[in-house]
Amino acid sequence: MKKETADNQVVEEKDGFVEGDGYPNCEGEPCANMSDEEQHDADTVAEEPEAPKAEEVDWRDKYIRLQAEFDNFRKRTLREKMALIESGGSDVWKAVLPVLDDMERAIAASEKSEDVAALREGEKLIYNKFVDIMRQKGVVEIEALDAEFNPDLHEAVARFAAGEEKSGKVIDVVQRGYKQGEQVLRYTKVVVGE
């Protein structure tokens, strides 16, 4: 069956479809044999694509700016982390330098002095000063003697028969261990009783 369209073109219709467009010929009216979704699809195919709206352009611009801002933030934090790593230990070393000065003075004094008691007293003062600096920086000794052996804090270097009551406990400390907060800086080397 041949039909004339609105623009005076003659087209052939077969089974409700206009030849060439693949959609039922309903001439602007909803077709009885089409669902609402198919009708909507048929209507939108005929429409031409629209140019981007001002709102879309605005959102695109905001997205690009946000992406650039995040990239700058990522690079800046990476630089800050690197600077922190490079200078992270400087405050500790600044705190330790006075102890080094005291040690140099003690060595110079020990070469000239014959008073052993005074030299020992000076060594104790320097040791206490160093321990105070460590405590200020959050570094504390791991208590181990007579404690239960804990592999998270202790490193067993030997086992020794010590009787039933000392079995599994630390009976001697070979080298002291230290931790800062919950992080172990050095494990305590211990002798464990059997």
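Residues whose amide H comes within less than 5 Å of that of Ala162, counting only those at least five positions distant or on another chain, are Glu194 (H built at 1.01 Å from N in the peptide plane). Couplings 3J(HN,Hα) for segment 185-191, derived from phi with the Karplus relation 6.51 cos²θ - 1.76 cosθ + 1.60 (θ = phi - 60°), are 7, 8, 6, 7, 8, 9, 9 Hz, where x marks Gly and Pro. Any of Lys94/Lys124; Lys129/Lys179; Lys169/Lys189; Lys94/Lys179; Lys94/Lys129; Lys124/Lys179 with alpha carbons more than 24 Å apart? Name them for me. Beyond 24 Å: nothing from the list. Averaging 1/r over each pair of different alpha-carbon atoms in segment 90-136 and inverting the result gives 11.3 Å, the Kirkwood hydrodynamic radius. Derived scalar couplings between HN and Hα for segment 124-136 equal 4, 4, 5, 4, 4, 5, 5, 5, 5, 5, 4, 4, 5 Hz in order, rounded to whole Hz, by the Karplus curve 6.51 cos²θ - 1.76 cosθ + 1.60 (θ = phi - 60°), x for Gly and Pro. Under a 5 Å amide H cut-off, with hydrogens placed 1.01 Å from N, Glu155 pairs with Thr188, Lys189, Val190 among residues at least 5 apart or on other chains.
The 3J(HN,Hα) values that the Karplus relation (6.51, -1.76, 1.60; θ = phi - 60°) gives for segment 109-115 are, in residue order, 5, 5, 6, 9, 9, 10, 7 Hz. Gly and Pro appear as x.
Computed from the coordinates by the stated procedures, all read-outs in this text should not be read as laboratory data. In this text the structure is predicted, and so the values were computed from the model without any measurement.
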